[in-house]
Every structure is written in structure tokens, then in C-alpha cells.
1. Based on this model, can you work out whether G203 counts as over 22 Å from R153 (Cβ atoms) and at pLDDT 85 or above?
2. Return only the number of the condition from (1) at pLDDT 90 or above; (2) assigned to a helix (DSSP H, G or I); (3) of a type in the set (G, A, S) that A104 does not satisfy.
3. What's the number of the only condition in (1) in a loop (DSSP other than H, G, I, E, B); (2) modelled with pLDDT under 85; (3) over 23 Å from A17 (Cα atoms) that S135 fails to meet?
4. So which residues in the stretch 213-237 are part of a loop (DSSP other than H, G, I, E, B), touching a Gly at 6+ places or on another chain (Cβ under 9 Å) and either modelled with pLDDT under 90 or within 21 Å of P283 (Cα to Cα) (or both), if there are any at all?
5. Given the condition in contact (Cβ under 8 Å) with a residue 40 or more places away in the chain, in the same structural domain as V102 (by TED's automatic domain parsing) and crowded, with 21+ Cβ neighbours inside 10 Å, answer yes or no: does some residue in the stretch 238-245 qualify?
6. Condition (residue is farther than 14 Å from L10 by Cα, assigned by TED's automatic domain parsing to the domain that holds A18, modelled with pLDDT of 90 or more and in contact with a Ser or Thr (Cβ under 8 Å, 6 or more places away or on another chain)) applied to the stretch 63-79: is it met by at least one residue?
7. Return the residue satisfying two criteria in turn: it lies in the stretch 170-206 and is part of a loop (DSSP other than H, G, I, E, B) and buried (at least 19 other Cβ atoms within 10 Å of the Cβ), and of such residues it is nearest to the chain's Cα centre (by Cα).
8. Could you look through the stretch 138-160, keep only residues that are part of a loop (DSSP other than H, G, I, E, B) and modelled with pLDDT under 90, and pick out the one that is farthest from T19 (Cα to Cα)?
Amino acid sequence: MAIADIFVPLTGAPDDAATLATAFAAARPFCAHVNAVFVSPDARETVGISDWHASPAAAQELSEVRIKMTEQSQQNARAAFAAVTLQAGARIAPLAERSDLVTASYREETGRLSRVLDASTRFADLVVFPPMAGSRNGQLHDAFIHMLLRAERPVLLSPEIAPEQIGAKPALGWDGGRAAAHALVAALPFLESAGRADLLCIGQDAAGEYDLSEVKEYLALHGVKVAERRVVKSVRPVGEALLDAAASAGCDLVIVGGYGHNRTLETIFGGATDHIASHPRIPILMVH
């Protein structure tokens, strides 16, 4: 079992470089293909209230500004792809193919980001996003939520500084829920490649409250040895405690279930998913 196709949406923002480098780090153990796509917004979907009330001259000026901004973002995305691909030593290929090297391709499309991703990622093994904290791109955040909840694709969140490697020492955040189980199965290529995993068990106390025999047996069948660690719930957010535990153990990948509960309730009451998505210090593999 391996990761073969990794999809990366580009926006022309400064974090494109770290997101691409994270994708290449994830691709390297499997000689996977990195599929980078820059999505230009559809002009018909970017008309705001101010456009309707502006004079024809002002509306034309707004349109020209948007076109220039899109062209600049496009140039930024192309430059980031060229630089990071060269640095990663990847071979540019027009189409995904099996190879003994990491390969990469770049293309440009127009439309709403979530729709483009929905049509393009049905068979993607991973979709790589930048951290969501501080992102001013509403379409990017919507696309991240869409990928998790609607498309149900595995998402890899990049940290602000891309790592040199991913998956040599993975950690699995475990709360006994279905989302965590889905994340475990989706991350099997990394787990099998590493041959080990830190099982970060989230509970009310150090004694633990889950029967771990089933998950340990499943991982053992896939040749994965488990080191059990307890993450005690406290006044701190669960997501923060989980990331701290993974960092202190020297892990280079955290695997978690995303929005295991109702997303609205998680957002209102401070769910772990939103914290982890906004503050990844190391790459986060997340599955709903």
C-alpha cells in the first residue's frame, strides 16, 4: 500500500512554497506524483455589492484591479512551483505516472476552488492545504471544510515551515471514535512505511478510558509496533495538548480524525479540529 497521487491547490500566496514542500516531503517515501493546480476565481462569482452600486467607470476599474491581482497570483504560483520542484529534485511530468522518482505537474483552472477540487480529487490519496490560521482566502477555508466533510478526502495540513521528511515517526491521536479509525486506515501507507506509531490516547485521566486491544491488533497485522502515550484532558484545548504530546515525542506526522462530532458544535465549544487546523507545528493528516 502506498501514496501515489498528492493534490495541492495553489493560490499565489506566500505559503504556497511551504505547502508544496510539505507535499514533496510526503511524496518522497513513495515516489508519488504531486499534482499542483492554481485556480483563478470566476469573475461571475466575484461580483460584490459595491460593484452593483458603482458607476460604469468605477466598476471597470474594480474589474481591472481584480484581473491584475489574479495575474500576479498566477505568476506567484508558477514561480513557487518551479522553485520548490527544482529544490525537491522532482521530475516534471505532464501526467501522473509511476516512477522511481517523485514527479510533479502544474496546471491552471478557473472556477470556485471547492468545485474544482471536488471534480479533481476523487482519486487523490492526499490533498495538501496550508495552515488555516490567519488565512484571508475564504475560498481556501471553504475548500478545506468541503474536502473533509463533503468529499471525505484525506487532508494533509502543512506547517508554516515545511519539514524535511514526513512519516518516519508518526503519531496517531486516538479517542475511540469513528473519525479516528478512518484516519488510521487512510494513514496506513505512512504507518506501514515507518513500522511504528505513537498512539496518543486522549482521556480524562492518565489511567485511560479506551480498550486499545482492537486498534493494536489491527496495527500489528500491518506490521506496525505501537508505543502508547496518554494525553490527559485539562483546561487546555484537546488539540493543543495533542500537538504538545506529539512534539515532545519527536513525531513528524500527526494523524487525527477531523470533526468527529457535529462541526457547528465543535466550532461553538472550541473543538479540537479547528485548533489543530489553525496551529499545526508539524504536518497533520486529517480525515472525517
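1. Details: over 22 Å from R153 (Cβ atoms): yes; at pLDDT 85 or above: no.
So G203 fails the test.
2. The one condition A104 does not meet is (2).
3. With respect to (1) in a loop (DSSP other than H, G, I, E, B); (2) modelled with pLDDT under 85; (3) over 23 Å from A17 (Cα atoms), S135 is out only on (3).
4. From the stretch 213-237, those part of a loop (DSSP other than H, G, I, E, B) are 222-224, 233-237; that's our starting set.
With the extra rule that they be touching a Gly at 6+ places or on another chain (Cβ under 9 Å), the set shrinks to 223-224, 233, 237.
Scanning the stretch 213-237 gives V224, K233, P237.
5. Here is the first cut: in the stretch 238-245, the ones in contact (Cβ under 8 Å) with a residue 40 or more places away in the chain are 239, 242, 245.
Cutting the leftovers down to in the same structural domain as V102 (by TED's automatic domain parsing) gives us none.
No, the stretch 238-245 contains no residue that is in contact (Cβ under 8 Å) with a residue 40 or more places away in the chain, in the same structural domain as V102 (by TED's automatic domain parsing) and crowded, with 21+ Cβ neighbours inside 10 Å.
6. Taking the stretch 63-79 as the starting set, the residues that turn out to be farther than 14 Å from L10 by Cα are 63-69.
So of that shortlist, the ones also assigned by TED's automatic domain parsing to the domain that holds A18 come out as 63-69.
Next, from what is left, pick out any that are modelled with pLDDT of 90 or more: none.
Checked against the condition, which is being farther than 14 Å from L10 by Cα, assigned by TED's automatic domain parsing to the domain that holds A18, modelled with pLDDT of 90 or more and in contact with a Ser or Thr (Cβ under 8 Å, 6 or more places away or on another chain), the stretch 63-79 yields no hits at all.
7. Start the filter on the stretch 170-206 by keeping residues that are part of a loop (DSSP other than H, G, I, E, B), which leaves 175-177, 187, 195, 204-206.
Next cut, buried (at least 19 other Cβ atoms within 10 Å of the Cβ) only: 175, 187.
Values: D175: 20, A187: 13 Å.
The extreme case among them is A187.
8. Of all residues in the stretch 138-160, those part of a loop (DSSP other than H, G, I, E, B) come to 150-154, 158-160.
Still in the running and modelled with pLDDT under 90: 150-153, 160.
Working: R150: 22, A151: 20, E152: 20, R153: 17, E160: 8 Å.
Per the criteria, the residue is R150.
The values are calculated or read from the model by the stated rules, or taken from the named source; none is laboratory data. Keep in mind that this is a model prediction, so the values were computed, not measured. Note that each Cβ is placed from the backbone with ideal geometry, even for glycine, and that neighbours are counted across all protein chains shown.
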